[in-house]
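See structure below.
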Amino acid sequence: MKRSLFYCGAAVALVVASAAQAAEPVKLTIGGYMNEWAGYASNQSGKDFAGTNAFGGNYPTYNGASPSALKAASFDTQSDVELDFKGSTKLDNGITVGVEVDTAPSQGVNTRTVNAQNKDTKRSFATVSSGFGTVEVGQQDNVGALIHNSAPDLTGIGGQDNNWVNWVLQPTGHRGLGRTYAGDDRVDDKVIYVTPSYHGLAAGVSYTPSINTAGAGATMMPSSNDAPVVLPNGTVAVGGDLYVYGLAYNDTFGGVGVKADVGSGQANVGGLTVYQSGLQVSYAGFTVGGSFLQRNVRNSSAVYKDALAQGNAWDAGVSYGVGPYSVALNYFAEQAAKGNTTDANSMAGNGGILAAVGSTSYGYDRDHVVAVEGKYDLGPGVAVNLTAFDVKYTDANGVAAESNQGWGVLSGLAVKF
C-alpha cells in the first residue's frame, strides 16, 4: 500500500504538469567538470601481493595487474570527466519542469586501475517542482546522498570522493563502504519527493524498487562489485525494495553557516537498515565538518552481513579559505563485515563469502585515509590543487595479500564549465 500511494503521488504531479502549456520548450545547456591528476603513489612491498593460500589457490590480485607491475607503476596520471545536460521550462500554471542527463565520457582511465572507458549515462531524470515541493523520477541519487554533508574535501582525492583507492590500491577481496550516506541504489530508477524548505528545514523520501534484482550494473551492494546478493546455492536474495528518508537543514546565524542532515534507509533483503548523519559549520573562511554511517544487517548469516556490508564509516575535517587560496585536512575511516576465510570454498575464490548460508563466522575489514589538501583558484571555474595522503587497508583475517598501505602526492587541474 505504501509503495502504491508513493507512486500515485508522483504520477499525479506528472499528470498535472503535463496538462499545462509551457511558454517555451525546454532548451538544454551543457555543464560539467574535468579533473586531471598527476603524481606519485607508493604501495607496500610487492611480495605481500603474491603467494598461495593454505588450499593451494592464488590470493586475489589488484584489478588483474601483477604485483610487480603495480610496484613499478609509481608515477601515474588519472582523469575524471563529466558532461551534464540540463534544461527546464515554466508552465502557465506555475509548475517548473526540468530534465537532467549526466554522462561520464572518461573516468578512471589509467595504467593502475581498470581501463573503464566509461561512456555510460550516470544520471537521467525529470523534475516537477512548485509550491508543493519537488518530485524527481528517473536515474538519480537517493535522498540520503542528495542531502548529505561531510568533511570538507577540496581536491576530489581524499575523504568520500574515494579516488584514493585508484592510487593506493584496494585489494580485490577487501570489503568497504566508501561513503557515509545511504547509497545502496546509487542511480537506479526511483521516485523522490522533497518538501519545500521551511526556515532552512526540508524533508525528503525516495523509493527504489528491487535494488537486488535490477539490471546488470544497476545494483550496488557495496562489497559485491555492484552485483545482486547471490547465495552460495546460486539463487538471488529477494525483497530488496529500498526506502530512504531524510531531514536536511541549511541556515546562517550572524555569519555562522550551519548545514546538517539525518537519514535512514531500509531494504527487506537481509533486513538491511542504514542510518546516516552529517554536519558542517562555517565561519570567517573556516569550515568544520564530519559525518557518520551505520549499516545493520538483521540476518545472522555471515553471507548477508558480508554481501550487504554490515559496518560503519565516519569522517572529520577542517578547511580554511582566504581569497583564491584554500587548505584542508580530512580523515576517513570505515569497517565492513567479511566472512571468515578459513572456509575452503572462500579461499578457493569466493572472495571471503562463506559457502554455508547459516554460518555466522565473520570479522571486519578496515581501512582509513588521511589527506592534506591545497587549492588555488586561477579564475572562475579553474583551479590547481595539491594533495598528500596516507592510506591503510587491513584484512579481517590477517591475510597479507588482502592488505595494503601506502601514500601519495598528487597535483591536479580542476575545470568546471
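The values are calculated or read from the model by the stated rules, or taken from the named source; none is laboratory data. What you are looking at is a predicted structure, and each value in this text was computed from that prediction instead of being measured. Backbone-built Cβ (ideal geometry, glycine too); neighbour counts: all protein chains shown.
Looking at 109, 99, which one is modelled with pLDDT of 90 or more, among the aliphatic types (A, V, I, L, M) and surrounded by fewer than 18 Cβ atoms within 10 Å (Cβ to Cβ)?
Details: 109 fails: modelled with pLDDT of 90 or more.
The match here is 99.
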In the range 393-405, which residue that is buried (at least 18 other Cβ atoms within 10 Å of the Cβ) and among the small types (Gly, Ala, Ser) is farthest from the chain's Cα centre (by Cα)?
-> 401
Which one is nearest to the chain's Cα centre (by Cα) among residues in the range 283-304 that are buried (at least 19 other Cβ atoms within 10 Å of the Cβ) and small (Gly, Ala, Ser)?
-> 291
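Please find, within the range 199-211, the residue that is farthest from residue 131 (Cα to Cα) out of those that are in a strand (DSSP E or B) and not hydrophobic (A, V, I, L, M, F, W, C). Break it down stepwise before answering.
So the first thing to find is which residues in the range 199-211 are in a strand (DSSP E or B), and the list is 201-208.
Next, only the ones that are not hydrophobic (A, V, I, L, M, F, W, C) stay: 204, 206-208.
Values: 204: 15, 206: 19, 207: 22, 208: 25 Å.
Here the residue is 208.
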Look at residue 208 and say whether it is β-branched (Val, Ile, Thr), buried (at least 21 other Cβ atoms within 10 Å of the Cβ) and modelled with pLDDT of 75 or more.
-> yes
Of the residues 200, 246, 254, which is in contact with an Asp or Glu (Cβ under 9 Å, 6 or more places away or on another chain), over 16 Å from residue 304 (Cα atoms) and either at pLDDT below 70 or surrounded by fewer than 17 Cβ atoms within 10 Å (Cβ to Cβ) (or both)?
-> 200
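Yes or no, residue by residue, for (1) out of contact with any helix residue (DSSP H, G or I) (no Cβ under 8 Å at 6 or more places or on another chain); (2) crowded, with 23+ Cβ neighbours inside 10 Å:
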{"position": "125", "(1), (2)": "yes, no"}
{"position": "129", "(1), (2)": "yes, no"}
{"position": "133", "(1), (2)": "yes, no"}
{"position": "136", "(1), (2)": "yes, yes"}
{"position": "144", "(1), (2)": "yes, yes"}
{"position": "148", "(1), (2)": "yes, yes"}
{"position": "156", "(1), (2)": "no, no"}
{"position": "161", "(1), (2)": "yes, no"}
Quick one: residue 170 ticks every box in (1) within 18 Å of residue 33 (Cβ to Cβ); (2) of a type in the set (S, T, N, Q); (3) at pLDDT below 85; (4) part of a loop (DSSP other than H, G, I, E, B) except a single one, so which number is it?
-> (1)
Among residues of the range 311-339, those that are buried (at least 23 other Cβ atoms within 10 Å of the Cβ) and closer than 17 Å to residue 144 by Cβ, counted | 4
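For residue 293, state whether it is farther than 20 Å from residue 154 by Cβ and at pLDDT 95 or above.
Details: farther than 20 Å from residue 154 by Cβ: yes; at pLDDT 95 or above: yes.
Spelling it out, residue 293 is indeed farther than 20 Å from residue 154 by Cβ and at pLDDT 95 or above.
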Kindly indicate the residue of the range 173-198 that is aliphatic (A, V, I, L, M), touching a helix residue (DSSP H, G or I) at 6+ places or on another chain (Cβ under 6 Å) and in a loop (DSSP other than H, G, I, E, B) and also farthest from residue 405 (Cα to Cα) among those meeting that condition.
-> 182
